[in-house]
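Heads up: the structure comes next, in structure tokens.
The values are calculated or read from the model by the stated rules, or taken from the named source; none is laboratory data. Every value quoted in this text rests on a predicted model; they were computed, and no experiment measured them. Neighbour counts run over all protein chains shown; Cβ positions are idealised from the backbone, glycine included.
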Amino acid sequence: MPGLGGYLHGRGFKRLFLAALATDYCVFYSALDARRGGFEVVLLQQACRAIDFDGSLAASLAAMQGSGVELLQRAGFSTSGPLTRSASRASAYRAGATFTG
């Protein structure tokens, strides 16, 4: 597999966590591409924002969920206060993330 998918597979990644802008466009297509590439995909909804033009957010969330993307509403952290690096890593580890460095 060429490109980013090949790179990630080559390093043993199996699950990807997505957090970015344009949930209903950029994130949507990245999630579907990752699923087609054989990855488990978790969308961190609190860490994303949508354009939501004419119902595009609802349609993209339904399509992502239909393709096997896990829609995570809350990742075990609060957005109401400061989050230390160690606390954010602990939350991510509980969610199954992997870090290098």
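Scan segment 31-45 residue by residue and report those that are crowded, with 19+ Cβ neighbours inside 10 Å and either part of a loop (DSSP other than H, G, I, E, B) or without any contact (Cβ under 8 Å) to a residue 40 or more places away in the chain (or both).
Just the residues of segment 31-45 that are crowded, with 19+ Cβ neighbours inside 10 Å, to begin with: 31, 34, 39, 41-44.
If the condition is that a residue be crowded, with 19+ Cβ neighbours inside 10 Å and either part of a loop (DSSP other than H, G, I, E, B) or without any contact (Cβ under 8 Å) to a residue 40 or more places away in the chain (or both), then 31, 34, 39, 41, 43, 44 are the ones that fit.
Looking at segment 46-95 only, could you name the residues that are assigned to a helix (DSSP H, G or I) and either at pLDDT below 95 or on the phi > 0 side of the Ramachandran plot (or both)? Steps first, please.
Looking only at segment 46-95, we keep the residues that are assigned to a helix (DSSP H, G or I), and these are 46-47, 56-66, 85-94.
Within segment 46-95, 46, 47, 85, 86, 87, 88, 89, 90, 91, 92, 93, 94 qualify.
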Q: Give the residues of segment 37-57 that are under 11 Å from the mean Cα position of the chain (by Cα) and over 16 Å from residue 19 (Cβ atoms), sorted by residue number.
A: none
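Would you check if residue 60 is over 12 Å from the mean Cα position of the chain (by Cα), buried (at least 17 other Cβ atoms within 10 Å of the Cβ) and not β-branched (Val, Ile, Thr)? Spell out how you get there, then give the answer.
Working: over 12 Å from the mean Cα position of the chain (by Cα): yes; buried (at least 17 other Cβ atoms within 10 Å of the Cβ): yes; not β-branched (Val, Ile, Thr): yes.
For residue 60, the condition - over 12 Å from the mean Cα position of the chain (by Cα), buried (at least 17 other Cβ atoms within 10 Å of the Cβ) and not β-branched (Val, Ile, Thr) - is met.
Filter segment 39-74 down to the residues that are hydroxyl-bearing (Ser, Thr, Tyr) and within 25 Å of residue 12 (Cα to Cα) and list them by number. Lay out the reasoning, then the answer.
The initial filter retains those residues of segment 39-74 that are hydroxyl-bearing (Ser, Thr, Tyr), namely 56, 60, 67.
Passing the criteria: only 67.
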